[in-house]
Amino acid sequence: MAIATINRLIALFDEAFRGVAAPVSMAESERLAILVHHSMDSKKRAYHTAVHVFAMCDGMQPLQVLAALFHDLVYVQLDGGFALPVAGLLQDVTRPQGDALVLQPLPADDPALALCAAVFNFTPGQILPLYGGMNEFLSAVVAARLLQPHLSTADLLAVVTCIEATIPFRAPDADGKTATDALAERVHAQYLRLFPGCDPARAQAFVQRAVSDAVALGNRDVGGFAHPNAGLFLSSTWLLIDESNAPLASPGVYSLQEYRSALVRMNGFLGNLNPAHIFLHYGAQPATDEIVRLCASARCNITFACDFLDAKITSVAIIEALALSTGTDCPVSMFLGDIRSAYGRPDRVEDFLPAAPRSTRAVNRELLNVLEKGRALESSNDLTASPLTAFIYRTMGHAGTQAALRHAQQMFDGTLSPQAFLQTLDRDMVRAILRACARIALSRSEALHALEKTL
């Protein structure tokens, strides 16, 4: 039987505190767990939830566990600001400047905030970088302020170091210095500041241990990129699409163009992501051959996900073209049917498609399998399987789908009309899709049949 999420969080806090011999009551572990639970399991989050925290904590050391519990606590973009449980802990840290947050002056009597600013290399008056550590920094501030009464100064520094290492996708600087090498320098400086006159060997040993632990946690955070099953990596990617696109939170309401734009954004992000900038390394952690393996796996998974998104974008582009050729943009469900219904199984466009024709065109069998059988993880905003996309992919093959995507991009940027785009495609395929959509989109049925005569 499954243990309640809140009770798992309480147990993780309690075990971590006992692991570092911190005399923390179960009531305090409960208080911290409730704060994490309330902050992370909001309806707006699909990936950065307590489930992600549990995966981060598995097999980690106590200080890494404490860092993992807090590392995604703040997510300003998703939560629409500071979630209520942490708002009081952060109200004096930043001030708004337009859509950005600016770091306030550091009070002399707030060592936790000063420690976080130093480890993250942020200075008062600075706009906190939205995708360069803002959320991780603010999460670290909450962690440091709440854990300060319970941990030694060195342990608190180690926790903040671990959270800093969860800032993802950082390239080396202009001088070739990696993010972890720069982090190690800042941690060393803070250790010397906190323990003046300490033995240099002791300081270096702390830095080595703290940064190595941080690298292990940071790599666990992005470990899905190296998952041996590309389909499972794709499932996690889809949860990120759900989470980072607010319009998709309303299934049956989001429009074709909103859906397509979400897919294009994620495809662009993945396509521009350098696999060499995903995983961290510091000294011999991890070993060189392991880094090579991780990067190679990430490259394969990214390619697979981009191929999947290419096929999905091509598919929705065809429906978008049908919609624009017969009227305006409209809810996806108007042409494809509802994902689910309180009144029974809803009619779906695939119910009215013929079997895909036998074709000698080459396809990626693993990709086709995911399209037909579905992604491993459920999405609340989309079907896990993609039968329409599978029909299109089977009919056109991999190369044909890629060619269709290039024409679709011309439609998106306005250099090709929707009807002209449809005319670049296999006529029988388009007609089959059009007729299936006419069975679903009642208000466009007549216009769709009229369009068919022009194709």
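Restricting region 146-169 to residues that are over 19 Å from the mean Cα position of the chain (by Cα), assigned to a loop (DSSP other than H, G, I, E, B) and not aliphatic (A, V, I, L, M), the residue that is surrounded by the most Cβ atoms within 10 Å (Cβ to Cβ) is HIS150.
Look at (1) among the small types (Gly, Ala, Ser); (2) modelled with pLDDT under 95; (3) surrounded by 21 or more Cβ atoms within 10 Å (Cβ to Cβ) and you find that GLY132 fails only one, number (3). The sole residue among ALA87, ALA112 that is in a helix (DSSP H, G or I), closer than 30 Å to TYR191 by Cα and in contact with a helix residue (DSSP H, G or I) (Cβ under 8 Å, 6 or more places away or on another chain) is ALA112.
Hey, does region 60-69 have a residue that's assigned to a helix (DSSP H, G or I), open to solvent by 30 Å² or more (accessible area, probe 1.4 Å) and more than 19 Å from GLU164 (Cα to Cα)? There is no residue in region 60-69 that is assigned to a helix (DSSP H, G or I), open to solvent by 30 Å² or more (accessible area, probe 1.4 Å) and more than 19 Å from GLU164 (Cα to Cα).
For region 294-325, filtered to residues that are hydroxyl-bearing (Ser, Thr, Tyr) and surrounded by 24 or more Cβ atoms within 10 Å (Cβ to Cβ), the residue that is farthest from LEU388 (Cα to Cα) is THR314.
Residue selection: PHE279 satisfies the criterion of being farther than 20 Å from VAL119 by Cβ, at pLDDT 95 or above and aromatic (Phe, Trp, Tyr). Starting from residues that are touching a helix residue (DSSP H, G or I) at 6+ places or on another chain (Cβ under 6 Å) and not in a helix (DSSP H, G or I), keep the ones in region 328-346 and report whichever is nearest to GLY414 (Cα to Cα). Taking the candidates together, the pick is ASP329. Output yes when any residue across region 371-379 is modelled with pLDDT under 95 and buried (at least 20 other Cβ atoms within 10 Å of the Cβ), and no when none is. Within region 371-379, one or more residues are modelled with pLDDT under 95 and buried (at least 20 other Cβ atoms within 10 Å of the Cβ). Within region 4-43, the set of residues being part of a loop (DSSP other than H, G, I, E, B) and within 26 Å of the chain's Cα centre (by Cα) comprises ALA4, ASP41, SER42, LYS43.
The values are calculated or read from the model by the stated rules, or taken from the named source; none is laboratory data. Since this is a predicted model, take the numbers as computed values, not measurements. Positions of Cβ are backbone-derived with ideal geometry, glycine not excepted, and every protein chain shown enters the neighbour counts. What goes into the accessible areas is simple: the full protein's heavy atoms, side chains included, and nothing from ligands, DNA or RNA. Shrake-Rupley method; radii C 1.70, N 1.55, O 1.52, S 1.80 Å.
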